[in-house]
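Participant: Quick one: the structure is below, questions incoming.
The values are calculated or read from the model by the stated rules, or taken from the named source; none is laboratory data. Source: prediction; values computed, not measured. Ideal geometry is used to build each Cβ from the backbone, glycine not excepted, and the neighbour counts take in all protein chains shown.
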Amino acid sequence: MADKQRVIRLSTEQPSYVVCVLGTEISVDIKGSTPKGATSFNVRGTAGLRVYVIYNPKLVTAPEGTATWPLDSGVEVVVALNGPSSTVNDNKVRVSYYGPTADTLIANAWLYITSIAISLDADTSRTGVVETNASNKTKWTWGPNGKGAVLLVNCDRDGPSSGSMDNAYPYVRSYTDLQDLSLMLLNTHGPAGVFDSHRLVLHISTFDAAKVRVFHANGNASLSNYEHVLGSDKLSYTVGRTDGKEQRTFYVEGLAFPDVDFKGLVSLNVTLLEQSTTPVFTDTVVFRVAPWLMTPNTMKPLEIFVCSIDEGRHPNQKFLEAIKALAKKTNCKLTVCPEVENRGDRWIQDEIEFGYVEAPHKSFPVVFDSPRNRGLKEFPFKRILGPDFGYVTREPKNGYVSGLDSFGNLDISPPVTVKGKEYPLGRILIGSSFPGSGNRRMAKIVRDFLYAQKVQSPVELYSDWLTVGHVDEFLTFVPALDRKGFRLVLASPLACLKLFKEMQKEGYGNAALFEGLGRVGRITLNELLADKILRKDSKYVQSCIDWNRNILKRELGLSEHDIIDIPQLFTLEGSTATALFPDMVNMLVLGRHLGIPKPFGPIIHGQCCLEADVRSLLEPLGLVCTFIDDFFSYHVLSGEVHCGTNVCREPFSFHWWDIIP
């Protein structure tokens, strides 16, 4: 509570009247009304009050019995309230002034006090229940012992299926919409007569009004009775008169996520005004808007998204069947975006990133729509946004978008601990350009948004060496039962060349890549290993991946034991790299099951040596490898299995507000 103490000046000529809020104290100015000739005083209060005299025992001795206090000794009188008044002016304080002899009464000063209880309350303990008269409502603190209410951005669409997100409308659209809002209660207890001279006002700052909207539950439960009282263009709202004990119910919705110009904190206030202008008391509740959170590969998959492409030179029906089989095997829901909706755009990983928002009372998934805006541009808003499924996007104001703005260039690690600091919700990974190069970077507006969420502290990697430029072309994470609960999987040209040299030494130099692919010329191991340009390209690509390897080890607290190198070759086209054969790191992770691009490597002992090597690396972790043919449907178009799929996953059980950023 604010304004814990207020000073009241007395008069011996007429009584003084004051309305005071329970929890505050009155400092009585006894000197300002001292009558001529008075040298001492005593003070009495009625039963509803506690009267304290504060003094310095080195300067004055407390009087006993009917003795009085000296006026010139720096003594202070403080009055505290025991409870709310039942009628106006039902509490009294009398200050009696005496002359040089203690039995000479010169004058009395009377103070009439009306006490009223006012408390603006929310779920500041973060238990899902509103706590009445909580302490520390004006500060929001992090950690398991932290306090402060949480607010969701009401970015789903529980209302009619047509239209925008629920918070685009200044009214409550449905009863399920209410469940996304945070409850706030205004508790008052006191006589109605207080409001003959006082007014109770809810208010908000101009800045915060753009971030939240408040509805007052007025009258019966009809939706039309949820009155929009604060937020947007409404900065204040006068609360009706109260008589006795009353509770008013308000619902608060978030309008904006934390961002570069908004730390996520908003303050809602209630103030008691005297004569409509003079503030007597203010109570404040601070909310923090819940951040948008990403989920790593190690979280349980809930729903797979994939596009269907029937027309053109690169249909994906065979690929689609493989994804359907994998979804069935993993008991995972599958949503296929038809061509009429994807408009020939198969790269669903690049268009969207799935995450979620969480408050103590509610959690729901939220899709982040990238600014790339190709054929799938309308799909997330038109088909994914819906009941308990939110939507957010960020687009550069200048309209310029690079390949690094696609969300194949956005990933997140599983939970890690780095030099004693815990990241229980993992760390976001963003592909960027080489430091100081001035080349392609993810749009500032998107990067700023990701950094502003605060709890998944982003790490910027170097991905601009790739033609497409996405982090999912050289890294992924797979679950593991040991160590940290996962492995970082990295593409490795040197591991691939090493494997191929071993096969050559064993006499399989004539075994070839792309055997049986018809339209693609086969390349024997002998030809490949004799290619000086490929060896040079591989050395360069490995140095780029190793640069990232060092960043990932440092920023995620990893050792070499936490990393698996997957054989993969790249070729340079100009100054940037593209996978020579299907990029196996670009995989779909569904619990223990991995959907890996089929590499079409040399067949040795009746099996692809690349597939055999990957199985030997991943299956000891309890993982099941399924190799999916994406060669003509994705690989030749510069993408793979991960690029062509997307997964909505279970949220973390760890609450973001328990982090200490």
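Participant: Check Val401 against each of (1) buried (at least 23 other Cβ atoms within 10 Å of the Cβ); (2) modelled with pLDDT under 95; (3) not aromatic (Phe, Trp, Tyr) and name the one condition it does not meet.
Facilitator: (1)
Participant: Is it true that some residue in the range 283-294 is surrounded by fewer than 19 Cβ atoms within 10 Å (Cβ to Cβ), at pLDDT 95 or above, touching an Asp or Glu at 6+ places or on another chain (Cβ under 9 Å) and not polar (S, T, N, Q)?
Facilitator: For the range 283-294, residues surrounded by fewer than 19 Cβ atoms within 10 Å (Cβ to Cβ), at pLDDT 95 or above, touching an Asp or Glu at 6+ places or on another chain (Cβ under 9 Å) and not polar (S, T, N, Q): absent.
Participant: Taking the range 508-523 on its own, how many of its residues are crowded, with 20+ Cβ neighbours inside 10 Å and part of a loop (DSSP other than H, G, I, E, B)?
Facilitator: 1
Participant: Grab the helices (runs of 4 or more DSSP H) fully contained in the range 279-393, keeping just those with 3 or more residues being without any contact (Cβ under 8 Å) to a residue 12 or more places away in the chain, closer than 23 Å to Leu255 by Cα and over 26 Å from the mean Cα position of the chain (by Cα).
Facilitator: Because the criterion is at least 3 residues that are without any contact (Cβ under 8 Å) to a residue 12 or more places away in the chain, closer than 23 Å to Leu255 by Cα and over 26 Å from the mean Cα position of the chain (by Cα), no helices (runs of 4 or more DSSP H) in the range 279-393 meet it.
Participant: With a cut-off of at least 1 residues that are of a type in the set (Lys, Arg), name the strands (runs of 3 or more DSSP E) lying wholly within the range 448-507.
Facilitator: 486-492
Participant: Could you check, for the range 5-26, whether at least one of its residues is assigned to a loop (DSSP other than H, G, I, E, B), at negative phi and of a type in the set (Asp, Glu)?
Facilitator: Taking the range 5-26 as the starting set, the residues that turn out to be assigned to a loop (DSSP other than H, G, I, E, B) are 10-15, 23.
Filter once more, so that each one left must be at negative phi: 10-15.
Now narrow it down to the ones that are of a type in the set (Asp, Glu): 13.
For the range 5-26, residues assigned to a loop (DSSP other than H, G, I, E, B), at negative phi and of a type in the set (Asp, Glu): present.
Participant: Within the range 191-217, track down each residue that is of a type outside the set (Gly, Ala, Ser), surrounded by 15 or more Cβ atoms within 10 Å (Cβ to Cβ) and either without any contact (Cβ under 8 Å) to a residue 40 or more places away in the chain or in the same structural domain as Val18 (by TED's automatic domain parsing) (or both). Full working, then the answer.
Facilitator: At the first step, the residues of the range 191-217 found to be of a type outside the set (Gly, Ala, Ser) are 191, 194-196, 198-204, 206-208, 211-216.
Then keep just the ones that are surrounded by 15 or more Cβ atoms within 10 Å (Cβ to Cβ); that gives 191, 194-195, 198-204, 208, 211-216.
Selection gives His216 alone.
Participant: Give the residue, chosen from Ser135, Ser161, that is without any contact (Cβ under 8 Å) to a residue 40 or more places away in the chain, surrounded by fewer than 23 Cβ atoms within 10 Å (Cβ to Cβ) and over 26 Å from Asp233 (Cα atoms).
Facilitator: After applying the criteria, what remains is Ser135.
Participant: A follow-up question, please. Pairs only if they're at least six apart or on different chains, beta carbon under 7 angstrom, first in the range 61-90 and touching a residue at least 60 places away in the same chain (Cβ under 8 Å), second among the aliphatic types (A, V, I, L, M) and surrounded by fewer than 16 Cβ atoms within 10 Å (Cβ to Cβ); list them, first residue then second.
Facilitator: Pairs that qualify, where the first residue is touching a residue at least 60 places away in the same chain (Cβ under 8 Å) and the partner is among the aliphatic types (A, V, I, L, M) and surrounded by fewer than 16 Cβ atoms within 10 Å (Cβ to Cβ), are Val78/Ile54.
Participant: Within the range 581-612, which residues are under 26 Å from Met299 (Cα atoms), outside any loop (DSSP other than H, G, I, E, B) and touching a helix residue (DSSP H, G or I) at 6+ places or on another chain (Cβ under 9 Å)?
Facilitator: Across the range 581-612, the qualifying residues are Leu588, Leu590, His593, Leu594, Gly595, Ile596, Pro597.
Participant: Just one of the numbered conditions (1) part of a loop (DSSP other than H, G, I, E, B); (2) at pLDDT 90 or above; (3) surrounded by 12 or more Cβ atoms within 10 Å (Cβ to Cβ) is not true of Val51; which one?
Facilitator: In the conditions (1) part of a loop (DSSP other than H, G, I, E, B); (2) at pLDDT 90 or above; (3) surrounded by 12 or more Cβ atoms within 10 Å (Cβ to Cβ), Val51 misses (1) alone.
Participant: A further question follows. Picking from Val585, Val614, which residue would you name as being modelled with pLDDT of 95 or more and closer than 23 Å to Gln456 by Cβ?
Facilitator: One residue alone meets the criteria, Val585.
Participant: Scanning the range 169-190 for residues that are of a type outside the set (Ser, Thr, Tyr) and under 21 Å from the mean Cα position of the chain (by Cα), which turns out surrounded by the fewest Cβ atoms within 10 Å (Cβ to Cβ)?
Facilitator: Restricting to residues being of a type outside the set (Ser, Thr, Tyr) and under 21 Å from the mean Cα position of the chain (by Cα), the top hit is Gln179.
Participant: Having 1 or more residues that are surrounded by fewer than 14 Cβ atoms within 10 Å (Cβ to Cβ) and at negative phi is the bar; report the strands (runs of 3 or more DSSP E) wholly within the range 223-273 that clear it. Even if it seems obvious, please write down each step before you answer.
Facilitator: Values: elements: 226-231, 236-239, 244-254.
Answer list for the range 223-273: 236-239, 244-254.
Participant: Moving on. Against the conditions (1) touching a helix residue (DSSP H, G or I) at 6+ places or on another chain (Cβ under 7 Å); (2) crowded, with 23+ Cβ neighbours inside 10 Å; (3) free of Cβ contacts under 8 Å to residues at least 60 places away in the same chain, where does Asp166 fall short? Just the number, please.
Facilitator: With (1) touching a helix residue (DSSP H, G or I) at 6+ places or on another chain (Cβ under 7 Å); (2) crowded, with 23+ Cβ neighbours inside 10 Å; (3) free of Cβ contacts under 8 Å to residues at least 60 places away in the same chain applied to Asp166, the lone miss is (3).
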